[in-house]
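A.B. asks: Here it is, the structure, as structure tokens.
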Amino acid sequence: MLCKEIGVSERQVQRKLKAITNKSPNQLICSVRLHRAKELILSQQNTIAEIAFQAGFSNPSYFSKCFKKEFAVCPSDLIN
């Protein structure tokens with residue numbers, strides 16, 4: 001749908017995103033979700049599992065793994 005809206009091929013969008021962000025589209029989406037989750041964690045309104053679901057992750061343990069890879073700190077350590 002995005003490709004149709006901007007009038008370029010899917011592969012061209014992938015190449016442009018990679019050139020600009022040095023991330024694939026999937027990696028970029030995951031990164032945006034993780035940054036949103038970090039904001040939610042810092043606001044301390046919900047549990048880590050609830051925040052994982054709000055950020056679009058269906059598995060809290062996978063969320064923690066991705067979070068640690070992105071920020072080099074566990075989500076629970078951010079609360080403390």
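A.B. asks: Pop out the carbon and sulfur fraction of the accessible area of the chain as a percent, whole number, probe 1.4 Å.
C.D. replies: For the chain, the apolar C and S fraction of the accessible surface comes to 54 percent.
A.B. asks: Under a 10 Å cutoff between Cα atoms, tell me which one of Ala49, Ala19, Ala37 has the largest fluctuation in the Gaussian network model of the chain.
C.D. replies: Looking only at Ala49, Ala19, Ala37, the biggest GNM fluctuation is shown by Ala19.
A.B. asks: Might you tell me the accessible area per residue for the chain, computed with a 1.4 Å probe and given in Å²?
C.D. replies: Computed with neighbouring chains in place, this is 73 Å² per residue.
A.B. asks: Which value results for Rg/Rh of the chain when Rg is the Cα radius of gyration and Rh the Kirkwood radius based on the inverse mean 1/r?
C.D. replies: When Rh is taken as the Kirkwood radius, the ratio is 1.08.
A.B. asks: What helices in the chain pass both tests, a Cα length along the helix axis of 15 Å or more and a mean Kyte hydropathy of -0.5 or higher, using whole DSSP H runs?
C.D. replies: Membrane-span-like by this rule: 25-43.
A.B. asks: Using Cα-Cα distances under 8 Å and only pairs 6 or more residues apart, what relative contact order does region 40-80 have, in percent?
C.D. replies: 37
The values are calculated or read from the model by the stated rules, or taken from the named source; none is laboratory data. Values in this document were obtained by computation on a predicted structure and should not be read as measured data. With ligands, DNA and RNA removed, areas are computed over all heavy atoms of the protein, side chains included. Shrake-Rupley method; radii C 1.70, N 1.55, O 1.52, S 1.80 Å.
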